[in-house]
Amino acid sequence: MSRSDVKDKMDALVKELNQHSYNYYVLAMPTIADYTFDQKLEELQQLELQHPEFADPNSPTQKVGGEVMKNFVTLAHKWPMLSLGNTYNEQDLRDFDDRVKKAIGEDFEYVCELKFDGLSISLTYDGSKLVRAVTRGDGTKGDDVTSNVKTIHSIPHQLKNKDVPPLFEIRGEIFMHRAAFERLNKEREELGEVQYANPRNFAAGTIKMQDSKEVAKRPLDCFLYSLNTDKNYFKTHWESLQTLKEWGFHVCEHTKLTNHIDDVLSFIKYWEEARFKLSYDIDGIVIKVNSYAQQQELGFTAKSPRWAISYKYKAQEVETILEKVTYQVGRTGAVTPVANLKPVQLAGTTVKRATLHNANEIERLDLHEGDSVFVEKGGEIIPKIINVNLEKRQADAIPVIYPVICPECGTPLIRKAGEVAFYCPNDEACPPQIVGKIQHFISRKAMNIDGLGDETIETFFQHGLVSHISDLYTLHEKAAALKVLERFGERSIDNMLKGIEQSKQMPFEKVLFGLGIRYVGETVARKLAFGVKNIDTLTTASIEDLISIDEIGLKIAESIIEYFSKADHLEQIERLKSQGLQFEAIENEITLQSDKLTGKTFVISGVFEDYSREELKELIESNGGKILSGISAKLNYLVAGDNMGPSKLEKAKKLNVPLISQDDLLELLK
Ligand code: IVH
């Protein structure tokens, strides 16, 4: 390479890596794998060593990635928030161990911890009180996100233990449990909102939101892993971790203290597989020298401490063939591309499909039919195509082109300003939209109709028995046609018709949610129902009327107005009204769905995949059960989700309180 080629290469790397840093830290939407990023960073570092004359002061090797987000007050960190050096193999780690040994020259210990895949946070406690929570930002200053952080249940606002330093800073990682991520993302999909790629992005996006009330609806958690004080209260990191637990902080239990690098390597090996059983994502292991005195001796480089390092797991990646791209039309009309792959084993499962998110993603990857693609399953629950193996592309390969008309009904697609998804606007006649809307209406969280399922709706639609929600309520007139259908015995028809009849008693807010108005989720439907009191006020409400209701913003209001501007929708409402459905709010009254839990007491703890704790509480109470605040010998059931507090678990075991899962609870209700 000529000197000018080297300089061009270095400039290009700086530019590219800074862009990736920005995508990762600011947008929380990384577009390359961490491993590839680190390899490129290493390449740049090598070039800078060989050609210091070309080194750019803006090089990402000189600073911690990330910039300060707008709209928050910026605060300086008292102790800079550095990052960690990364290693990817045994040799790198043994080299680290040799460097430490050489520098210290005496016995030492390591603490091994999990490397949580979230966003780091600095918490300041003054007089036992949480006074400040600041993001990492650029490492020297970050955003003041105190009010958002205060919504996280596992972060104490006030420490019970008074025997703590008068002023201290504690650091940790904010993250979202996978179960909550999947539940909330499913809800976003149902509402036609863009889904987050992984729990880390969801957590990062949440903590940077302006409205703390919104933050509170998204359960976040936080593991704490380091303490900073002016005076030395402890001699070792291990000792401080144990003490942090006693002070009431959430410290991860999966840690190890050892004096040998071989033990570190077995810890790494163990968690490489076991990590998939955790309820949250980790992307590696962090190794820290235990003694604070020895940490001080080792000191820091410009970017990271010499006494700690991370070992990053490679996201599991395989190469396979893209057979074809298909397009799914959802209930809201959003058209989502899906990559259909030649089946391949990855992270313990067979992968046949990968998400392509939207048209931009197809363009970014420049996909061609029959391409050999690299598929990754890292933090993401759904596998993702990282890039294409261009060397294997056939010369005559045909590019994948996102359709301009709906693949289901042929209507030209539209894209709304500021949105990435394309929509089919034909919501009255596009088959998957019709079926999806009826399926949503009967679903558990909406009208919860017994004896009817998604497949049945599909069959009914294909046989011309339903094409609108209101057709469900005339099915009893079509008994003869139903009996002809395969799989439909008299008993199941009776059951279904009974379920449909009973659903007429479902409260207004459930009916409203069931209509499937874009952006009107469960909570919004409840607020709306009690805000407007009845359907007539809602159908005639103005934007101003709507936004005066608590939690209804402009986006939701506009969507409601648009919904009721369609004659077809108004006609449906009239029909449902005459069929006897509830279109008036009955306030402050829990409608008892059954008395199956009467006399039984419950405590709910942990995170659940299908329900929020609030929803489970509602479910129990509406079936006659009672929620208690704490565990005692007279408690009947502890409903346990992921990541329950160990003290609760212990107490329940001691008092012989039966532990039940979300599914056991549903079983009790059957
Ligand atoms: S200690 C001097 N411990 O990883 C850096 N960091 O790549 C001290 N992280 O910014 C960080 N789990 O956001 C530490 N157990 C753990 C961690 C951890 C995740 C994150 C943290 C840090 C980044 C460094």
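The values are calculated or read from the model by the stated rules, or taken from the named source; none is laboratory data. Since this is a predicted model, take the numbers as computed values, not measurements. So basically every Cβ, Gly included, is an ideal-geometry build from the backbone, and we count neighbours across all protein chains shown.
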Open item on the list: I'm trying to understand the selection: among the residues of the stretch 280-315, which are under 31 Å from the mean Cα position of the chain (by Cα), of a type in the set (D, E, K, R) and within 20 Å of D92 (Cα to Cα)?
Closed with: D283, K288, K303, K312, K314
TODO: Of all residues in the stretch 104-125, count the ones that are modelled with pLDDT of 95 or more and either away from the ligand (no atom under 11 Å from the Cβ) or among the basic types (K, R) (or both).
DONE: 7
- [ ] Scan the stretch 151-166 and give yes if some residue there is without any contact (Cβ under 8 Å) to a residue 60 or more places away in the chain, crowded, with 18+ Cβ neighbours inside 10 Å and away from the ligand (no atom under 13 Å from the Cβ), otherwise no.
- [x] no
Open item on the list: Going by what's in this entry, would T336 be described as hydroxyl-bearing (S, T, Y), away from the ligand (no atom under 15 Å from the Cβ) and out of contact with any helix residue (DSSP H, G or I) (no Cβ under 7 Å at 6 or more places or on another chain)?
Closed with: yes
Task: Among the candidates I285, I268, residue that is within 12 Å of the ligand (Cβ to nearest atom) and either in a strand (DSSP E or B) or within 18 Å of F96 (Cβ to Cβ) (or both) - done: I285
Open item on the list: Which residue is surrounded by the fewest Cβ atoms within 10 Å (Cβ to Cβ), if the candidates are limited to the stretch 490-538 and must be in a helix (DSSP H, G or I) and among the aromatic types (F, W, Y)?
Closed with: F530
TODO: Could you please find all residues in the stretch 74-98 being of a type in the set (D, E, K, R) and either closer than 30 Å to D143 by Cβ or within 16 Å of the ligand (Cβ to nearest atom) (or both)?
DONE: K78, D92
Open item on the list: Among the residues in the stretch 320-327, are any within 30 Å of F513 (Cα to Cα) and touching a His at 6+ places or on another chain (Cβ under 9 Å)?
Closed with: no
Task: the stretch 541-581, residues that are small (G, A, S) and under 36 Å from the mean Cα position of the chain (by Cα) - done: A541, S542, S548, G553, A557, S559, S565
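Return the residues of the stretch 73-94 that are in a loop (DSSP other than H, G, I, E, B) and touching a residue at least 12 places away in the same chain (Cβ under 8 Å); say none if nothing qualifies.
Step one: list which residues in the stretch 73-94 are in a loop (DSSP other than H, G, I, E, B), which gives 73, 77-85, 88-89.
Answer for the stretch 73-94, where residues must be in a loop (DSSP other than H, G, I, E, B) and touching a residue at least 12 places away in the same chain (Cβ under 8 Å): V73, H77, K78, W79, P80, M81, L82, S83, L84, G85, Y88.
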Task: I438, sole failed condition from (1) within 30 Å of S470 (Cα to Cα); (2) assigned to a loop (DSSP other than H, G, I, E, B) - done: (2)
Task: Odd one out for K141, checked against (1) touching a His at 6+ places or on another chain (Cβ under 7 Å); (2) more than 16 Å from the ligand (Cβ to nearest atom); (3) of a type in the set (K, R) - done: (2)
Open item on the list: Can you report the number of residues in the stretch 186-197 which are surrounded by fewer than 20 Cβ atoms within 10 Å (Cβ to Cβ) and at pLDDT 75 or above?
Closed with: 3
- [ ] Check the stretch 299-311 and report whether any residue there is within 11 Å of the ligand (Cβ to nearest atom), exposed (fewer than 15 other Cβ atoms within 10 Å of the Cβ) and of a type outside the set (S, T, Y).
- [x] yes
- [ ] Among the numbered conditions (1) surrounded by fewer than 18 Cβ atoms within 10 Å (Cβ to Cβ); (2) hydrophobic (A, V, I, L, M, F, W, C); (3) modelled with pLDDT of 95 or more, tell me where A133 comes up short.
- [x] (1)
Task: All strands (runs of 3 or more DSSP E) inside the stretch 338-421 with 2 or more residues being farther than 22 Å from K314 by Cβ and not polar (S, T, N, Q) - done: 349-355
Open item on the list: Could you go through the stretch 171-180 and let me know if any residue there is among the β-branched types (V, I, T), under 29 Å from N58 (Cα atoms), in contact with an Asp or Glu (Cβ under 9 Å, 6 or more places away or on another chain) and at pLDDT 90 or above.
Closed with: yes
Task: Boolean, E319 is surrounded by fewer than 18 Cβ atoms within 10 Å (Cβ to Cβ), over 30 Å from P399 (Cα atoms) and away from the ligand (no atom under 11 Å from the Cβ) - done: no
TODO: Would you mind stating whether E253 is exposed (fewer than 14 other Cβ atoms within 10 Å of the Cβ), part of a loop (DSSP other than H, G, I, E, B) and not aromatic (F, W, Y)?
DONE: yes
Task: Only one of L581, L576, L616 that is within 26 Å of K217 (Cβ to Cβ) and aliphatic (A, V, I, L, M) - done: L616
- [ ] Just give me the residues in the stretch 459-489 being surrounded by fewer than 16 Cβ atoms within 10 Å (Cβ to Cβ), at pLDDT 85 or above and among the acidic types (D, E), in sequence order.
- [x] E477
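When you go through S605, S632, S622 one by one, which is the residue that is hydroxyl-bearing (S, T, Y) and either closer than 22 Å to H177 by Cβ or touching a Cys at 6+ places or on another chain (Cβ under 6 Å) (or both)?
Values: S632 fails: either closer than 22 Å to H177 by Cβ or touching a Cys at 6+ places or on another chain (Cβ under 6 Å) (or both); S622 fails: either closer than 22 Å to H177 by Cβ or touching a Cys at 6+ places or on another chain (Cβ under 6 Å) (or both).
Step by step, each of S605, S632, S622 is checked, and only S605 is hydroxyl-bearing (S, T, Y) and either closer than 22 Å to H177 by Cβ or touching a Cys at 6+ places or on another chain (Cβ under 6 Å) (or both).
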TODO: Please note which helices (runs of 4 or more DSSP H) are completely contained in the stretch 587-670 and include at least 1 residues that are over 28 Å from S443 (Cβ atoms) and of a type outside the set (S, T, N, Q).
DONE: 646-654
- [ ] Would you mind telling me which numbered condition in (1) outside any helix (DSSP H, G or I); (2) within 25 Å of L167 (Cβ to Cβ) Y280 fails?
- [x] (2)
- [ ] Return the pairs, sorted by first residue and then second, in which the second residue is within 11 Å of the ligand (Cβ to nearest atom) and of a type in the set (K, R), the first residue lies in the stretch 226-240 and is closer than 23 Å to G127 by Cβ and at pLDDT 95 or above, the beta carbons are less than 6 Å apart, and the residues are 6+ apart or on different chains.
- [x] S226/R171
